[in-house]
Amino acid sequence: MNLLSNTKDAAFSKSKIININIDDVNCNQLTSKISRSIKEREKLIINYANANSIRIIENKKEFKLALNCSNIIHSDGIGIWLASGILKSPKLINRFNFTDCALNFLKNCQENGWSLFLLGANDKILSSAKNNLENRFPNLNIVGMLNGYNDITSKNVIEIINLAKPDILWIGMGTPKQEMWIKENKDFLDCLIIQSVGDLITHLASKKERGPLIVQKMGLEWTIRLINHPFKYFDRYILGIPIFLFLLIRELANKRLFKI
């Protein structure tokens, strides 16, 4: 299997958000890139970045290294999109969230015969996600699932995934755990597409409700999560958003100071 270089796809324009190059990509472009990589038998690593990612990088430099092992880093949520405009780095055209196009992507998987392996969530959520997907996409080829809360450092995990021979490996263990796992194991995985998907598996299991469509379009879906689970998301949003804004202000000041 040939490996793509660690340089992200030159076909996509990029926006630099505090030392992370974000690919300006939409769902159709990402699907086309995945299709080409599968056809040409080239490994493709896809991660995402959001306001929380930028905050984590500030205190966890190895997370930045993990992100930079990606071939594609797409934005996730409104924070990165807004930041690109504030920093003029340049502004992202696409306000992209993979969850929004996941069902269309899975339809493509079914039509093209691409096989899928799910790593993440717990056994109950994985089972619910699989049942929902089988009902909606009866010909979707899900070749395996593994609990992301178990010992994912075991070599058996790699062996199980490689024996299943998936075209696409979805890893939903949350940031930065999923990105760090990809960095440590990417060279040992035989699958073609390695993609971090956050809590997408939980969404597919119908265990995590999204806000109304108008709230999603306004970029305020995070407020629904915070209202429903204030303790769970206190650190990420109540503490995290002010830190993210501070980092943006600092970056903007540096740009003006050094005329970057």
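The values are calculated or read from the model by the stated rules, or taken from the named source; none is laboratory data. Owing to the predicted nature of the structure, the values given are computational and were not obtained by experimental measurement. Ideal geometry is used to build each Cβ from the backbone, glycine not excepted, and the neighbour counts take in all protein chains shown. In case anyone asks, the SASA skips ligands and DNA or RNA and just uses the protein heavy atoms, side chains included. Shrake-Rupley method; radii C 1.70, N 1.55, O 1.52, S 1.80 Å.
What about L226, is it on the phi < 0 side of the Ramachandran plot and under 20 Å from the mean Cα position of the chain (by Cα)?
Answer is no for this residue.
Report the residue count in the stretch 57-68 for those that are within 20 Å of F96 (Cβ to Cβ), open to solvent by 10 Å² or more (accessible area, probe 1.4 Å) and touching a helix residue (DSSP H, G or I) at 6+ places or on another chain (Cβ under 7 Å).
1
How many residues, within the stretch 38-54, are part of a strand (DSSP E or B) and under 19 Å from L220 (Cα atoms)?
Of the residues in the stretch 38-54, 2 are part of a strand (DSSP E or B) and under 19 Å from L220 (Cα atoms).
What number of residues within the stretch 186-239 are of a type in the set (G, A, S) and out of contact with any Leu (no Cβ under 9 Å at 6 or more places or on another chain)?
3
So which residues in the stretch 229-241 are open to solvent by less than 70 Å² (accessible area, probe 1.4 Å) and in a helix (DSSP H, G or I)?
Hits for the stretch 229-241 are Y237, G240, I241.
Would you be able to tell me the number of residues in the stretch 1-34 that are of a type outside the set (A, V, I, L, M), part of a helix (DSSP H, G or I) and either modelled with pLDDT under 90 or under 25 Å from G174 (Cα atoms) (or both)?
Here the count works out to 5.
More than 20 Å from I20 (Cα to Cα), touching a residue at least 12 places away in the same chain (Cβ under 8 Å) and in contact with a helix residue (DSSP H, G or I) (Cβ under 7 Å, 6 or more places away or on another chain) - does that describe any residue in the stretch 174-187?
Scanning the stretch 174-187, I find at least one residue that is more than 20 Å from I20 (Cα to Cα), touching a residue at least 12 places away in the same chain (Cβ under 8 Å) and in contact with a helix residue (DSSP H, G or I) (Cβ under 7 Å, 6 or more places away or on another chain), so the answer is yes.
Assigned to a loop (DSSP other than H, G, I, E, B) and either under 21 Å from the mean Cα position of the chain (by Cα) or more than 29 Å from K33 (Cα to Cα) (or both): which single residue out of R250, R210 fits that description?
R210
In the stretch 103-129, what residues are small (G, A, S), assigned to a helix (DSSP H, G or I) and surrounded by 17 or more Cβ atoms within 10 Å (Cβ to Cβ)?
S128, A129
If you check K165, K207, K217, which single one turns out to be over 28 Å from K64 (Cβ atoms), loosely packed, with under 14 Cβ neighbours inside 10 Å and touching a residue at least 24 places away in the same chain (Cβ under 8 Å)?
K165
Looking only at residues that are touching a Gly at 6+ places or on another chain (Cβ under 8 Å) and part of a loop (DSSP other than H, G, I, E, B) in the stretch 165-197, which one is nearest to K61 (Cα to Cα)?
T175
If you check L204, L169, L226, L213, which single one turns out to be closer than 18 Å to C101 by Cα and in contact with a Phe, Trp or Tyr (Cβ under 9 Å, 6 or more places away or on another chain)?
One residue alone meets the criteria, L169.
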